[in-house]
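The values are calculated or read from the model by the stated rules, or taken from the named source; none is laboratory data. What you see is a predicted model, and the numbers here were worked out from it, not measured in a lab. In this analysis, Cβ positions are derived from the backbone assuming ideal geometry, glycine residues included, and neighbour counts consider all displayed protein chains.
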Amino acid sequence: MKAKMDRGASVNRAHSRREFFQVAAAGALVASAVRRASAAAPGEQNPGLKIEKIEIFPVRYPTIGYFKFFEGPPGTPPGRPAVIVKVTATDGTVGWGESVPIPKWSYETLESAASTIENYLKPVLIGRAPFDLVGAHEAMNAAIAPSFSTGAPITKSGIDMALHDLTGKACGLSLAQRWGCPSGGKITLSWTLNPRTLDETEKLIEEGWDRGYRNFNVKVAPDPKFDLELCGIVKKRVPEGFLWADANGGYDLATALKAAPKLADIGVPVLEQPLPSNRLTGYRELKKQGALPIIMDEGVISPADLIEFIRLDLLDGVAMKPARCGGLLGARRQVEILKDAGLMFLGSGLTDPDVSLAASLALYGAYGLRFPAALNGPQFLAKSVLTKPFTPVNGQLDVPTKPGLGIEVDEEKVKALMVQ
């Protein structure tokens with residue numbers, strides 16, 4: 001999508017926003033909308049079913065290649081940390097979820113996620129009805145309060161995914177079927193490039209190309225000169241591919257205002273998270289500049305955040321991550337808000353392994369993601385805990401169609417990756 005096409009649709013978008021804001025005026029919109037999103041289809045509910053047991057498995061997945069977010073202080077254990085969550089209902093039905101903290105991306109850690117679930121979330125969830133997803137989130141939010149937005153959302157996402165998996169299995173339906181959306185299909189992936197030097201770029205592009213990838217997302221900031229040269233190399237090598245620039249909040253406003261038009265001239269179609277999350281007036285200036293569609297990521301946690309940022313005219317879309325949003329309940333509502341407002345919905349991730357990856361695929365498949373998804377777990381992770389691991393073919397992954405998340409976890413593989 002070209003930036004000028006996006007700007008050309010601004011009139012329609014403004015009309016959509018006005019209609020949206022009329023509906024969204026009531027303060028209770030978010031809660032009622034989330035309840036609608038979580039409503040079960042007729043015959044799904046089992047009022048006698050309760051959560052009997054919650055188990056956690058802190059693990060580290062071995063990694064392949066260099067990715068800046070997995071670099072830690074000296075002595076930090078290598079690998080991609082995660083807390084795999086197993087929820088068992090009173091009838092024996094099991095649901096699997098996964099919390100995927102990255103300390104260099106968020107404040108949440110492997111240790112904090114494990115202790116929060118074990119000591120704070122587990123006690124308030126045991127004995128609850130698993131189909132009451134809204135009630136589960138209310139209980140978790142009462143136990144771990146918000147600050148600016150939802151508290152410990154990455155941790156809570158593991159519980160949310162496990163409950164979606166469990167209840168889907170209990171009623172024999174995939175997530176798409178429960179949501180009344182199309183099932184199955186394929187998600188086209190984007191290959192992540194974060195070279196330390198420009199000389200590494202061609203080799204990294206070739207690695208993705210050899211594995212069937214034709215679209216690339218590039219980590220940029222803080223050096224715009226490096227970024228422009230990098231994006232120029234990628235665009236020259238893959239002129240027809242979708243080239244997605246993600247700054248992870250690494251620019252200041254003056255630099256972002258200068259870089260955005262130059263990135264647009266190269267052919268970059270979107271700029272993700274150019275500023276730190278709390279630089280709201282800066283986002284408004286970039287949005288007003290209009291050089292590129294401005295995509296938010298790290299700062300959008302809850303549906304309430306998204307509605308507020310749309311009202312302030314700060315963004316053109318969101319790079320969705322169920323793991324960032326506290327799980328599928330909030331992520332699904334955010335996708336619906338974006339669609340209602342005529343804004344862009346991109347699919348991203350937190351180098352999601354296995355279970356978290358399945359949740360993202362389910363969401364993006366059900367809601368017809370139009371752009372290549374920056375789901376780079378298969379690119380950077382060397383192990384799987386599934387009986388049938390996700391394997392991209394021609395740069396695409398199949399959306400699971402079986403009940404729940406549509407995956408089968410091998411508990412022995414989980415235990416083999418566990419850390420103390």
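Checking the conditions here, which among E229, E240 is surrounded by fewer than 17 Cβ atoms within 10 Å (Cβ to Cβ), under 24 Å from P378 (Cα atoms) and of a type in the set (D, E, K, R)? Full working, then the answer.
Numbers: E229 fails: under 24 Å from P378 (Cα atoms).
Checking each option against the conditions leaves just E240.
Residue count for the stretch 390-419 satisfying the condition of being in a loop (DSSP other than H, G, I, E, B), surrounded by fewer than 16 Cβ atoms within 10 Å (Cβ to Cβ) and in contact (Cβ under 8 Å) with a residue 24 or more places away in the chain: 5.
Yes/no per residue for (1) under 22 Å from P303 (Cβ atoms); (2) touching a Gly at 6+ places or on another chain (Cβ under 7 Å):
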residue	(1), (2)
I64	no, no
F69	no, no
P78	no, no
G97	yes, yes
E108	yes, no
A136	yes, no
A142	yes, no
S149	yes, no
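What's the total number of residues in the stretch 44-64 that are outside any strand (DSSP E or B), at pLDDT 90 or above and surrounded by 14 or more Cβ atoms within 10 Å (Cβ to Cβ)?
Filtering the stretch 44-64 down to residues outside any strand (DSSP E or B) leaves 44-50, 62, 64.
Filter again for at pLDDT 90 or above, leaving 49-50, 62, 64.
Right, trim to surrounded by 14 or more Cβ atoms within 10 Å (Cβ to Cβ) and you get 49-50.
Selection size over the stretch 44-64: 2.
Would a scan of the stretch 244-258 turn up a residue that is touching a Phe, Trp or Tyr at 6+ places or on another chain (Cβ under 9 Å), among the aliphatic types (A, V, I, L, M) and surrounded by 18 or more Cβ atoms within 10 Å (Cβ to Cβ)? No, the stretch 244-258 has no match at all. Within the stretch 170-228, the residues that satisfy the criterion of being out of contact with any helix residue (DSSP H, G or I) (no Cβ under 8 Å at 6 or more places or on another chain) and on the phi > 0 side of the Ramachandran plot are G172, G180, G212.
Can we say A291 is on the phi < 0 side of the Ramachandran plot and surrounded by 24 or more Cβ atoms within 10 Å (Cβ to Cβ)?
no
Among the listed residues V234, V134, V238, V218, identify the single one that is modelled with pLDDT of 95 or more, under 30 Å from E55 (Cα atoms) and not charged (D, E, K, R).
Details: V234 fails: under 30 Å from E55 (Cα atoms); V238 fails: under 30 Å from E55 (Cα atoms); V218 fails: under 30 Å from E55 (Cα atoms).
Going through V234, V134, V238, V218 in turn, the sole match is V134.
Tally up the residues in the stretch 388-417 that are farther than 20 Å from S190 by Cβ and among the aliphatic types (A, V, I, L, M), please. Summing the residues that are farther than 20 Å from S190 by Cβ and among the aliphatic types (A, V, I, L, M) in the stretch 388-417 gives 6.
As a summary of the residue check, K156 satisfies the conditions (1) surrounded by 19 or more Cβ atoms within 10 Å (Cβ to Cβ); (2) more than 20 Å from the chain's Cα centre (by Cα); (3) charged (D, E, K, R) except for the one numbered (2). Taking every residue in the stretch 253-278 that is touching a residue at least 12 places away in the same chain (Cβ under 8 Å) and outside the structural domain of W105 (by TED's automatic domain parsing) and pairing it with any residue that is of a type in the set (S, T, N, Q) and outside any helix (DSSP H, G or I), at least 6 positions away or on another chain, the pairs with Cβ-Cβ distances below 6 Å are Q273/N248.
Would you say I205 is among the hydrophobic types (A, V, I, L, M, F, W, C), modelled with pLDDT of 95 or more, over 21 Å from S360 (Cα atoms) and buried (at least 19 other Cβ atoms within 10 Å of the Cβ)? Answer is yes for this residue.
Condition check ((1) within 30 Å of V59 (Cα to Cα); (2) surrounded by 24 or more Cβ atoms within 10 Å (Cβ to Cβ); (3) free of Cβ contacts under 8 Å to residues at least 40 places away in the same chain) across all residues:
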| residue | (1), (2), (3) |
| --- | --- |
| R311 | no, no, no |
| L338 | no, no, yes |
| G347 | yes, yes, no |
| P353 | yes, yes, no |
| F371 | no, no, no |
| Q379 | yes, no, no |
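Condition test on L350, is it at pLDDT 95 or above, in contact with a Phe, Trp or Tyr (Cβ under 6 Å, 6 or more places away or on another chain) and closer than 19 Å to A247 by Cα? Explain how you work it out, then say what you get.
On the way: at pLDDT 95 or above: yes; in contact with a Phe, Trp or Tyr (Cβ under 6 Å, 6 or more places away or on another chain): no; closer than 19 Å to A247 by Cα: yes.
No: the conditions fail for L350.
Looking at the stretch 412-420, can you tell me whether even one residue there is in contact with a helix residue (DSSP H, G or I) (Cβ under 8 Å, 6 or more places away or on another chain) and either over 27 Å from L204 (Cα atoms) or not assigned by TED's automatic domain parsing to the domain that holds Y66 (or both)? Show your work before the answer.
Of all residues in the stretch 412-420, those in contact with a helix residue (DSSP H, G or I) (Cβ under 8 Å, 6 or more places away or on another chain) come to 419.
Going one step further and asking which of them are either over 27 Å from L204 (Cα atoms) or not assigned by TED's automatic domain parsing to the domain that holds Y66 (or both), we end up with 419.
Looking for residues that are in contact with a helix residue (DSSP H, G or I) (Cβ under 8 Å, 6 or more places away or on another chain) and either over 27 Å from L204 (Cα atoms) or not assigned by TED's automatic domain parsing to the domain that holds Y66 (or both), one finds at least one in the stretch 412-420, hence yes.
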